[in-house]
1. Does T273 qualify as being buried (at least 20 other Cβ atoms within 10 Å of the Cβ) and over 22 Å from the mean Cα position of the chain (by Cα)?
2. Before we move on, is G266 surrounded by 15 or more Cβ atoms within 10 Å (Cβ to Cβ), in a strand (DSSP E or B) and among the small types (G, A, S)?
3. Does any residue in segment 128-143 that is outside the structural domain of D313 (by TED's automatic domain parsing) come within less than 6 Å, Cβ to Cβ, of a residue that is in a strand (DSSP E or B) six or more places away or on a different chain, and which pairs are these?
4. Of all residues in segment 93-125, which are closer than 19 Å to Q311 by Cβ, modelled with pLDDT of 80 or more and of a type in the set (V, I, T)?
5. Considering (1) more than 23 Å from G187 (Cβ to Cβ); (2) under 19 Å from the mean Cα position of the chain (by Cα), say which one Y338 fails and leave the rest.
6. For segment 292-319, enumerate the residues that are over 19 Å from L152 (Cα atoms) and touching a Ser or Thr at 6+ places or on another chain (Cβ under 6 Å).
7. Of these, Y357, Y351, Y319, Y330, which one is among the aromatic types (F, W, Y) and either surrounded by fewer than 24 Cβ atoms within 10 Å (Cβ to Cβ) or touching a Pro at 6+ places or on another chain (Cβ under 6 Å) (or both)?
8. Mind telling me which of the residues L217, L207, L203, L244 ends up being touching a helix residue (DSSP H, G or I) at 6+ places or on another chain (Cβ under 6 Å) and under 24 Å from Y357 (Cα atoms)?
Amino acid sequence: MNNQIPNISHSSVLSEYCSKKRRCIAFILIIFTNLLVTTVLLVALASIKPCFFMKCHSKASGCINRSLFKGQCICDSRTAGNGRTVCDGCGITYLRRDARIIGGIDAIQYSWPFAVLIRQHYKTILTLNDRSHLVSASWMCGGTLINHKTILTAVCYHIFDYTTFAVPILSNEYYPTIESTLEVSIGLYDRRKTTQRRIAKVLQVILHPYYNERHLLNDIAILKLEDYLRPSPTIQFACLPYLLSEINTTGIAVGFGDTVPGANQGSSVLKQTHLTIYPNEFCNHVSPSTKKNWNTQLCCGDLNGERDTCQGDSGGGLYTQRNLSNILHYSVDGIVSYGERCASPMKPGIYTRVSNYIDWIQENSDFDTIDS
């Protein structure tokens, strides 16, 4: 029996091979195109809606799409943190006290664990009448710790007066950066007891971009800290006010400022005093040449002139209690800005209205990592 070998031409084999190869290449191209389109769509989505790809903390209230590829998780109103890895309780004090500066009383030790003292030391060479003088100065402001690495305060870190001259705070051979002039004391009650305090270094000073030096509008600043501060009975964070401050609400101002007008010495121990948030018109006659914006400012004080904040209290907080889920939390409703003389009858003080700056504060108080 003869075996017959099929007569298959080389051209038909080559044609079949090329046909299979073309189908394979087309399949690969389809897969590649789909992957490319999917990647482009995901990149576009990540740039426009970065929150879609972010995992927020269980206590975060949501996520804000800030800019291209940048989303920010936001802790809820009862917590403070970066919204991603940490949201710790805010507005908490571990000492129950009768929460009752000028006309104020000594605070109970550690009763305001989110109030901080900020000191600025500066020296520079100043030329007057063709003679060089080494001048130095130091002064203090208050501030409020609002999360593990952020302090909320006023703009009091850019200028000081020497005789009749206003000296700008600039980096020089003594202080390489503005941040290096600042020293923050956390958990401080008595300034005379240096072992009591924890000193935190300032990484960055952020002034509000629309701060108006002439009229002290948008008088608000943020200090970003190098250290990561963990909450404890002596270190806590104030809550941010997500509601408008109501008229006739009583707030508590806290600080180390003068207890006698013009003393320029400050208080050795932390002071606190009750102040009332008044209708805006009660402050129209306070420094009348200074423009006011009641969307961004509060009128607060004591019309009898018995209680007030004073020099050295600027930047400190005005705290009110809010009921959040049946628990009382302190929020920082105001920041001490300026006034016309301390504790003068019918002359309340002007405070920065924190609730107007929530978005700016959140955006600039974010932090990426938790240090050990």
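1. The answer is yes for T273.
2. no
3. none
4. Scanning segment 93-125 gives V116, I118.
5. (2)
6. Hits for segment 292-319 are G305, R307.
7. On the way: Y351 fails: either surrounded by fewer than 24 Cβ atoms within 10 Å (Cβ to Cβ) or touching a Pro at 6+ places or on another chain (Cβ under 6 Å) (or both); Y319 fails: either surrounded by fewer than 24 Cβ atoms within 10 Å (Cβ to Cβ) or touching a Pro at 6+ places or on another chain (Cβ under 6 Å) (or both); Y330 fails: either surrounded by fewer than 24 Cβ atoms within 10 Å (Cβ to Cβ) or touching a Pro at 6+ places or on another chain (Cβ under 6 Å) (or both).
The match here is Y357.
8. L244
The values are calculated or read from the model by the stated rules, or taken from the named source; none is laboratory data. In this text the structure is predicted, and so the values were computed from the model without any measurement. Counting neighbours? That spans all protein chains shown, and the Cβs are built from the backbone with ideal geometry, glycine included.
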